[in-house]
């Protein structure tokens, strides 16, 4: 094995892409493509969307409410008279913003708390675990609603709305990061290399951040993707219940779905299907990536190509350590000729 | 008549690093009533070969060749036939008895499970059979113990139960994969006795996989040596030990540490040491207790132990698992709290000391851990890991800054300089343990604690690491506490030997005193249980052990 792999192949998703085969690879690639398109659409929303998210009329006059799909409005218009396609496209921006803010905040707070609590233990650990469990036990959507009301009084501008949604999601997610990182920390704490650092006399912050934290972050990409999809669902749930973002200040899929309830019974399908589809697709993409990362991280779940049972090329000594690509194992192997003759 | 006949077996694994050929053209056969030992270092393919007999290979493996077991080719059996063959024709004994038994069922149920899988049998009949088989493997009071759960048995008894499970259908072949590696040496002797009686009384053929040449000498009739997936030598045990043919076998046998070489070396070292004896570590009536759960009494791991280590002296600490030897090492390094008596290290009293109080002591103490695989931060390079003590104690600004010193250290432990740029997982076990030594001596400590530094290594690698340790100790003159369960290893290195038993120090003295003329019964039994890599001598020692009444309560 080479001393170092190139940086590119050590990046989380890229590395797994190379490692995967078969169905798992298909899942991962599908997920990555969906997320990639999601990001692209969010980035290029002003170019892609035919109208603004709060636009009700153009130079030809008002759009009209509940117009079926046409060349003017590819996906029709909503009961409020907005263009469905534009709102779906602009909605990616809101979703992305909420995911980034929510996950970044919960990641930061949850990881710090988890490492400190897991390593130090004692009463601090007990209190934090109890608090985390209490938050965990609470229905997350209910908690999000409470937080949304506290922060913004229920209604808000785009940034207020995004922040309210993000913070409420953060509060719900911190216990998840906290628990995962804490569990890893408790495991790593007893590993010999942490004890080695203690014997050396390293200070506690140094042990925490140099030795423990860096080794505890293995499961984060997985948690990150799964939480991101959950964040979208919570945001949509908030919007659906009317605690989201005002339609004039930002496009939000959950809110649009809420407004489409009445349409469904009257056969107006386009107002609900497309925002719903957008939510499903993004959540599916995130979940696919998350689940495949999970499977690939576990060697027992990871699918492999079958070995072909042909002898290796002569003169190429193969290390025979199942499951591990160790460098030539012993000094004996360097010094001995290849074992050839067999004495019976 | 051969029970199993392996012909030209090849096994290849698909791994992340490409295909790996684990077994390459191996042909073997085992006769009824014969013990065939397959020996080799880790990665030699010995376990894979044996597991193929039961077709117990993971999905990533592909095999070719033939394994003919009582007339059937195991490799081409249908799943139903395979299930019938397992248990009836061939059974397996695993390395770790505590994980081979299901903790939520009684042992009787687990034995009956095997019976019921192979034919109808009433509950009562199965129970009677289970009791019979437990009696056969030497479990006392089997009528009552058949209803015990696995945790109610000791390690040695658990292994007996596992053997009983393997034996209950009277298979013609038992595959034993390192059956005694997880056991203490006195218990190991008993399990080996049991396996021997299976061969003699029931004519069961046994395939024994082990890396311990002493075990091979004790039990095996015939030995097959594997190296890099190939069979390099096959001979009956006496011939192999007396006149090994292949170069690799010779090296393997030469690398096994033997008792009785130590005293001469220790005497030479003692002669060099002159002047006043100055104690680095002094323990007086040392007590270490682990706190119990709420309302329960704590566990006393070390009980009233007194010893001392002088400057430049190597003290070997020997004992079985649970004897408290590791706890003492950890206490000296400040990793475990001292709860009673007195432990003074370099003049600092550790009883009641806090993490901060030990700071001035840290640069004076080096520690080498048992498992080289986990004692390095996997995300730092070897150079960064070795530089860590230098950086922490401000001898260097950063790891880059310390590189010159790190290179010196790596050279001192005979590792090439460029290994510093590698990550820990890219080194073999022996290389990692050498790097671990480099880190331990980075600050030129006065005292080095080595906690079973070679027990995770292959014999041949162990020999080189021990040699290196002795060399470094001679050159740098540090005092050392060398902890091991292996008497032969301790004998090789130590000036004085202390024997621990159940938290108490039962014997202490020079190597010649303790090993040459042991006073305590436990030391005698320990010595007699240690199998020596010589079938002729081992047969005599076995009689000696029987005379001592080595059969303890386990």
> Any chance the stretch B:198-208 includes a residue that's more than 23 Å from residue B:50 (Cα to Cα) and assigned to a loop (DSSP other than H, G, I, E, B)?
Replying inline: no
>> Anything in the stretch B:347-366 that is part of a loop (DSSP other than H, G, I, E, B), surrounded by fewer than 19 Cβ atoms within 10 Å (Cβ to Cβ) and either more than 10 Å from chain A (Cβ to nearest Cβ) or modelled with pLDDT of 90 or more (or both)? List them, or say none.
In response: B:347, B:351, B:352, B:353, B:354
> Any residue at all in the stretch B:351-368 that is under 29 Å from the mean Cα position of the chain (by Cα), free of Cβ contacts under 8 Å to residues at least 40 places away in the same chain and farther than 27 Å from residue B:269 by Cβ?
Replying inline: no
> Tally time: how many residues in the stretch B:367-384 are facing chain A (nearest Cβ under 8 Å) and within 22 Å of residue B:473 (Cα to Cα)?
Replying inline: 5
> Does the stretch B:322-343 contain at least one residue that is touching a helix residue (DSSP H, G or I) at 6+ places or on another chain (Cβ under 8 Å) and away from every other protein chain (no Cβ under 14 Å)?
Replying inline: yes
> Mind checking which residues of the stretch A:194-209 are within 30 Å of the chain's Cα centre (by Cα) and either more than 8 Å from chain B (Cβ to nearest Cβ) or in contact (Cβ under 8 Å) with a residue 12 or more places away in the chain (or both)?
Replying inline: A:194, A:205, A:207, A:208, A:209
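Residues are listed down the side, and each one gets a yes or a no for (1) buried (at least 23 other Cβ atoms within 10 Å of the Cβ); (2) over 26 Å from residue B:217 (Cβ atoms); (3) modelled with pLDDT of 90 or more:
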site	(1), (2), (3)
B:491	yes, no, no
B:498	yes, yes, yes
B:505	yes, yes, yes
B:514	yes, no, no
B:517	no, no, no
B:524	no, no, no
B:530	no, no, no
> Can you spot a residue in the stretch A:292-309 that is within 8 Å of chain B (Cβ to nearest Cβ) and modelled with pLDDT under 60?
Replying inline: yes
> Any idea which of B:375, B:344 is under 28 Å from the mean Cα position of the chain (by Cα), surrounded by 15 or more Cβ atoms within 10 Å (Cβ to Cβ) and at pLDDT 85 or above?
Replying inline: B:375
> Looking at A:123, A:90, which one is over 26 Å from residue A:227 (Cα atoms), modelled with pLDDT of 85 or more and either part of a helix (DSSP H, G or I) or under 20 Å from the mean Cα position of the chain (by Cα) (or both)?
Replying inline: A:123
>> Quick check on the stretch A:261-271. Is at least one of its residues more than 14 Å from chain B (Cβ to nearest Cβ) and under 28 Å from the mean Cα position of the chain (by Cα)?
In response: yes
> Within the group A:144, A:148, A:134, A:165, which residue is out of contact with any strand residue (DSSP E or B) (no Cβ under 8 Å at 6 or more places or on another chain) and modelled with pLDDT of 80 or more?
Replying inline: A:134
>> Restricting to the stretch B:57-108, name every residue that is at positive phi and surrounded by 15 or more Cβ atoms within 10 Å (Cβ to Cβ).
In response: B:65, B:70, B:87
> Going by the structure shown, is residue A:235 under 17 Å from the mean Cα position of the chain (by Cα) and either touching a residue at least 24 places away in the same chain (Cβ under 8 Å) or in a helix (DSSP H, G or I) (or both)?
Replying inline: yes
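Residue-by-condition table, conditions (1) at pLDDT 85 or above; (2) under 30 Å from residue B:107 (Cβ atoms):
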site	(1), (2)
B:39	yes, no
B:54	yes, yes
B:60	no, no
B:63	yes, no
B:76	yes, no
B:90	yes, yes
>> Against the definition (modelled with pLDDT of 90 or more, under 23 Å from the mean Cα position of the chain (by Cα) and surrounded by 21 or more Cβ atoms within 10 Å (Cβ to Cβ)), how does residue B:487 come out, yes or no?
In response: no
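Each row is one residue, and each column tells you yes or no for (1) touching a residue at least 40 places away in the same chain (Cβ under 8 Å); (2) outside the structural domain of residue B:469 (by TED's automatic domain parsing); (3) closer than 12 Å to residue B:438 by Cα.
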{"position": "B:371", "(1), (2), (3)": "yes, no, no"}
{"position": "B:375", "(1), (2), (3)": "yes, no, no"}
{"position": "B:385", "(1), (2), (3)": "yes, yes, yes"}
{"position": "B:396", "(1), (2), (3)": "no, yes, no"}
{"position": "B:400", "(1), (2), (3)": "no, yes, no"}
{"position": "B:415", "(1), (2), (3)": "no, yes, yes"}
> Residues B:331, B:271, B:266: which one is modelled with pLDDT under 80, crowded, with 22+ Cβ neighbours inside 10 Å and not in a loop (DSSP other than H, G, I, E, B)?
Replying inline: B:266
> Can you tell me which residues in the stretch B:13-36 are touching a helix residue (DSSP H, G or I) at 6+ places or on another chain (Cβ under 7 Å), buried (at least 22 other Cβ atoms within 10 Å of the Cβ) and either more than 15 Å from residue B:177 (Cβ to Cβ) or at the interface with chain A (Cβ under 8 Å from one of its Cβ atoms) (or both)?
Replying inline: B:22, B:26
>> Please count how many residues of the stretch B:37-46 are within 13 Å of chain A (Cβ to nearest Cβ) and buried (at least 22 other Cβ atoms within 10 Å of the Cβ).
In response: 6
> Are any residues in the stretch B:201-240 free of Cβ contacts under 8 Å to residues at least 12 places away in the same chain and more than 14 Å from chain A (Cβ to nearest Cβ), and if so, which ones?
Replying inline: B:201
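Okay, residues lined up against (1) at pLDDT 85 or above; (2) outside any loop (DSSP other than H, G, I, E, B):
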site: B:127; (1), (2): yes, yes
site: B:147; (1), (2): yes, no
site: B:159; (1), (2): yes, yes
site: B:179; (1), (2): yes, no
site: B:183; (1), (2): no, no
site: B:193; (1), (2): yes, yes
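The values are calculated or read from the model by the stated rules, or taken from the named source; none is laboratory data. Fair warning: this is a prediction, and the values are worked out from it, not measured in the lab. For neighbour counting, all protein chains shown are included, and Cβ atoms are generated from backbone atoms with ideal geometry for every residue, glycine included.
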